[in-house]
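The values are calculated or read from the model by the stated rules, or taken from the named source; none is laboratory data. Predicted model, so just to flag it, every value in this text is computed and none were measured. In this analysis, Cβ positions are derived from the backbone assuming ideal geometry, glycine residues included, and neighbour counts consider all displayed protein chains.
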Amino acid sequence: MKDPEKAKERIEELSRRLNEHNYRYYVLDQPSISDYDYDMMMEELISLEQQFPELLDPNSPSRRVGGEITKKFPAVKHRYPMLSLSNTYSREEVIAFHTRVQKAIDGPVDYVCELKFDGVAISLTYENGVLVRAVTRGDGVQGDEVTANIKTIRSIPLKISDAGLSSFDVRGEVYMPHNSFLHLNEEKEKNGEALFANPRNAASGSLKMQDSTLVARRNLDCFMYAAMGEELNFNTHWESIQALKRWGFKVSDDTRKCEGIDEVFRFIEEGEKKRAGLPFDIDGVVIKVNSYAQQERLGYTSKFPRWAIAFKYKAVQGVTHLLDIAFQVGRTGAVTPVAILKPVLIAGSTVQRASLYNEDRMIELNLHRNDMVVVEKGGDIIPKIVDVDASQREKHAEKIDFATHCPECDTRLEKKTGEAVHYCPNNDACPPQIQGRIEHFISRRAMNIESLGQGKTELLIARGKVQNIADLYDLTYDDLIGLEKTIEDPATGKARTVRFRDKTVKNILSAIENSTSVSFDRVLYALGIRHLGETMAKKLAHHFENIDRLRQSSYDELIAVRDVGEKMAESIHAYFEDARNLEIIERLKRAGLSFSVDKQETEKGDALSGKSFVVSGVFAQYSRDEIKEFIRQHGGEVKSSISSKTSFLLAGDQMGPEKRKKAEALGVPIIDEAELHNMIR
Ligand code: IVH
């Protein structure tokens with residue numbers, strides 16, 4: 001598009017439609033278009049904004065993907081202080097609260113009951129319908145401005161159209177949904193990074209990240225629970241909540257107007273039942289007097305409003321015997337203690353393992369075999385041991401100490417100064433470390449050698465065919481053919497036989513061969529350097545351009561790269577100081593792996609990430625294998641047969657009619673080579 005007038009119109013149209021779809025998807029949970037159509041609109045908008053930078057609106061829906069960097073979060077004073085609530089755990093105190101309220105007020109009192117979301121409080125300021133500032137609670141008087149990061153939360157409107165107000169504030173709670181939290185910790189574990197203890201810490205940590213692109217990937221969300229401003233003339237809290245909903249904010253459907261204290265108690269009980277099944281954490285309910293006039297009459301103490309109270313649920317706990325402590329060895333050699341418990345039912349699910357974090361925690365608890373321990377499924381997704389009943393300890397119970405030697409290879413464990421974590425230093429020969437590193441190396445987002453999936457790597461290691469990632473590139477047909485082993489599937493406990501037949505071997509060897517064309521950033525990620533996740537590997541690859549410059553970089557040069565912290569810099573240095581790693585890199589270089597960014601590579605990306613393709617027919621620009629590789633290099637997946645989960649059928653000339661029929665029957669879109677290129681652009 002050349003004409004700026006037309007571009008402006010189109011940008012407005014796309015923004016309006018994307019905002020509408022955002023709202024339908026993230027606030028109402030009622031999407032009305034496919035992810036693909038949404039992505040296409042977003043791509044068109046981004047491309048127009050790049051073409052006409054003068055038309056870029058800071059609140060364009062394209063800003064949701066982040067991009068802004070905040071070096072320092074400035075302190076901002078709240079227009080209205082952010083108070084906290086007085087807490088109670090007992091029904092009696094709720095009744096006492098109700099009695100105090102009734103004493104101060106003649107006539108009936110209505111309440112609004114809400115869930116008490118367990119996240120991070122936020123205050124948003126809208127001026128002329130546009131989000132201009134987002135500030136954390138801080139000390140209640142002033143907080144940190146985190147606007148760029150908040151804008152990545154898709155359920156928060158960047159603009160509201162029908163408020164007609166010059167200025168108002170909205171308050172709510174930013175939280176991390178359980179599935180995002182689990183996914184984040186899985187990633188962290190894979191990268192050998194410290195895990196977040198619970199979704200609240202993860203949400204709060206995410207809001208303080210400098211690069212909003214990274215925040216965008218954390219999938220934070222936000223429930224709103226208050227509106228305030230001179231121009232708002234609502235009479236009740238309930239009215240203000242309804243207005244927030246109308247303006248497009250996400251308000252919990254579990255917010256309810258309650259007439260009288262009996263209804264309040266019903267809400268409390270229902271909330272407690274619902275709690276375990278919610279996709280996010282709550283730690284209680286909040287009870288607020290509905291009428292603003294009554295709120296004003298009740299007033300405030302020095303810390304809290306007198307018109308509201310938080311009823312906190314007790315953490316869900318169970319008591320059981322501690323049978324043993326297992327020590328798990330991860331890919332990076334980090335050893336974590338896990339309590340093995342006599343199975344106990346807590347809040348609807350059986351718990352038989354609980355997290356113990358590290359040695360310090362074990363020492364604090366002073367655990368003995370068969371101790372009665374209190375297990376809590378609270379804010380943390382993984383149950384943890386919170387207490388031990390020493391009075392019930394058997395007389396000569398054996399104290400359980402942290403392992404001194406690796407449970408897998410019997411090497412003496414080490415502890416780095418200043419860190420609470422123990423490591424098994426036998427990186428080269430400790431089986432779970434070898435296995436973990438190879439599995440990480442071949443994983444889809446690293447070298448994508450899928451045909452060597454679990455079970456097969458185990459067999460190769462067991463037969464001494466591979467000890468490290470470089471060995472993969474020395475494998476020959478003769479090494480593999482005929483290998484066979486019966487393996488127990490850890491998920492089902494069932495035994496199955498893994499056997500390398502002619503076809504399997506050929507597939508494995510060609511997948512290994514194909515992996516030599518994987519780009520440098522993915523190779524860097526695949527090496528499995530501690531603390532170096534996928535995103536940072538990408539950043540470092542592009543910053544240093546090749547492995548030698550990265551290896552020679554000083555600590556200061558590393559730290560100067562955005563989001564590289566001390567731990568990451570140290571771990572990169574430690575990696576390159578180890579001669580064994582340098583030898584592996586040399587061997588991988590000889591095998592033809594990419595250790596520098598070339599021009600062609602910089603054109604690759606992850607535009608097709610999350611999409612799967614079935615490729616059929618003959619193509620103009622590429623051979624069939626080349627086009628498959630092209631898809632993979634842009635983050636897509638190639639599958640051999642069409643199912644309802646296939647994103648696209650990529651059709652070349654002379655494609656068989658059966659494939660077309662099947663795609664049409666399953667509603668799988670059929671695209672050609674040109675459309676594939678457009679998706680990447
Ligand atoms: S109202 C003056 N409503 O709880 C009243 N707070 O201890 C201000 N919270 O900092 C808060 N859910 O972070 C309110 N539905 C809800 C809430 C809620 C969670 C948090 C909020 C606040 C803390 C109060």
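Is one or more of the residues making up the range 416-433 touching a Leu at 6+ places or on another chain (Cβ under 7 Å) and charged (D, E, K, R)? Checked against the condition, which is being touching a Leu at 6+ places or on another chain (Cβ under 7 Å) and charged (D, E, K, R), the range 416-433 yields no hits at all. A single entry from 661, 589 fulfils the requirement of being farther than 26 Å from residue 443 by Cβ and in a helix (DSSP H, G or I): 661. Pairs linking a residue in the range 308-328 that is closer than 30 Å to residue 288 by Cβ to a residue that is charged (D, E, K, R) and within 16 Å of the ligand (Cβ to nearest atom), with Cβ atoms under 6 Å and 6 or more positions apart or on different chains, are 308/288; 310/116; 312/283; 313/272.
When restricted to residues that are closer than 14 Å to residue 313 by Cβ and within 33 Å of the chain's Cα centre (by Cα), the range 255-276 contains 10. Considering the conditions (1) over 12 Å from the mean Cα position of the chain (by Cα); (2) over 24 Å from residue 127 (Cα atoms), residue 227 is excluded by exactly one of them, (2).
Within the bounds of the range 311-319, is there any residue that is away from the ligand (no atom under 16 Å from the Cβ) and more than 29 Å from the chain's Cα centre (by Cα)? Yes, the conditions are met somewhere in the range 311-319. Looking only at the range 77-108, count every residue that is farther than 23 Å from residue 272 by Cβ and touching a residue at least 40 places away in the same chain (Cβ under 8 Å) and tell me the total. Here the count works out to 11. Identification of helices (runs of 4 or more DSSP H) wholly contained in the range 192-298 with 2 or more residues that are within 16 Å of the ligand (Cβ to nearest atom), modelled with pLDDT of 95 or more and surrounded by 21 or more Cβ atoms within 10 Å (Cβ to Cβ) yields 199-207, 237-246, 261-275. Going by the structure shown, is residue 56 closer than 30 Å to residue 8 by Cβ, in contact with a helix residue (DSSP H, G or I) (Cβ under 6 Å, 6 or more places away or on another chain) and either without any contact (Cβ under 8 Å) to a residue 60 or more places away in the chain or within 16 Å of the ligand (Cβ to nearest atom) (or both)? The answer is yes for residue 56.
Flag set for residue 165, criterion: surrounded by fewer than 19 Cβ atoms within 10 Å (Cβ to Cβ) and in contact (Cβ under 8 Å) with a residue 60 or more places away in the chain.
For the range 135-157, taking the residues that are of a type in the set (Val, Ile, Thr) and within 15 Å of the ligand (Cβ to nearest atom), the one that is modelled with the lowest pLDDT is identified as 141.
In this structure, residue 647 does satisfy being of a type in the set (Ser, Thr, Tyr), crowded, with 18+ Cβ neighbours inside 10 Å and in contact with a Lys or Arg (Cβ under 8 Å, 6 or more places away or on another chain). For the range 644-664, the tally of residues that are under 35 Å from the mean Cα position of the chain (by Cα) and among the small types (Gly, Ala, Ser) stands at 4.
Tally time: how many residues in the range 202-235 are of a type in the set (S, T, N, Q) and without any contact (Cβ under 8 Å) to a residue 60 or more places away in the chain? Please lay out each step first, then the result.
Taking the range 202-235 and keeping what is of a type in the set (S, T, N, Q), we get 204, 206, 210, 212-213, 219, 233, 235.
With the extra rule that they be without any contact (Cβ under 8 Å) to a residue 60 or more places away in the chain, the set shrinks to 206, 219, 233, 235.
Total meeting the criteria: 4.
Per the listing 437, 353, 361, 412, the residue uniquely over 22 Å from residue 184 (Cβ atoms) and charged (D, E, K, R) is 412. Of all residues in the range 44-102, those satisfying the criterion of being part of a helix (DSSP H, G or I) and closer than 30 Å to residue 313 by Cα are 91, 92, 93, 94, 95, 96, 97, 98, 99, 100, 101, 102. A count restricted to the range 496-538 and to residues that are closer than 18 Å to residue 437 by Cα, of a type in the set (Lys, Arg) and assigned to a helix (DSSP H, G or I) stands at 1.
Under the condition of being in contact with a Lys or Arg (Cβ under 6 Å, 6 or more places away or on another chain) and not in a loop (DSSP other than H, G, I, E, B), the residues counted in the range 377-414 number 1. Residue-level analysis places residue 84 among those that are surrounded by fewer than 18 Cβ atoms within 10 Å (Cβ to Cβ) and within 16 Å of the ligand (Cβ to nearest atom). A count restricted to the range 107-158 and to residues that are of a type outside the set (Phe, Trp, Tyr), within 21 Å of residue 231 (Cα to Cα) and in a strand (DSSP E or B) stands at 11. Of all residues in the range 457-469, those being farther than 23 Å from residue 187 by Cα and either touching a Pro at 6+ places or on another chain (Cβ under 8 Å) or not hydrophobic (A, V, I, L, M, F, W, C) (or both) number 5.
Just to be sure before I move on: is residue 361 out of contact with any helix residue (DSSP H, G or I) (no Cβ under 8 Å at 6 or more places or on another chain) and in a helix (DSSP H, G or I) in the structure I sent? The answer is yes for residue 361.
Given the structure, is residue 89 within 16 Å of the ligand (Cβ to nearest atom) and modelled with pLDDT under 90? So residue 89 passes the test. Picking from residues in the range 169-184 that are without any contact (Cβ under 8 Å) to a residue 60 or more places away in the chain and crowded, with 17+ Cβ neighbours inside 10 Å, the one that is farthest from the chain's Cα centre (by Cα) is 173. In the range 106-134, the qualifying residues are those that are within 26 Å of the chain's Cα centre (by Cα) and more than 16 Å from the ligand (Cβ to nearest atom), and the one that is surrounded by the most Cβ atoms within 10 Å (Cβ to Cβ) is 131.
When residue 66 is tested against (1) closer than 25 Å to residue 243 by Cα; (2) under 24 Å from the mean Cα position of the chain (by Cα), exactly one condition is not met: (1).
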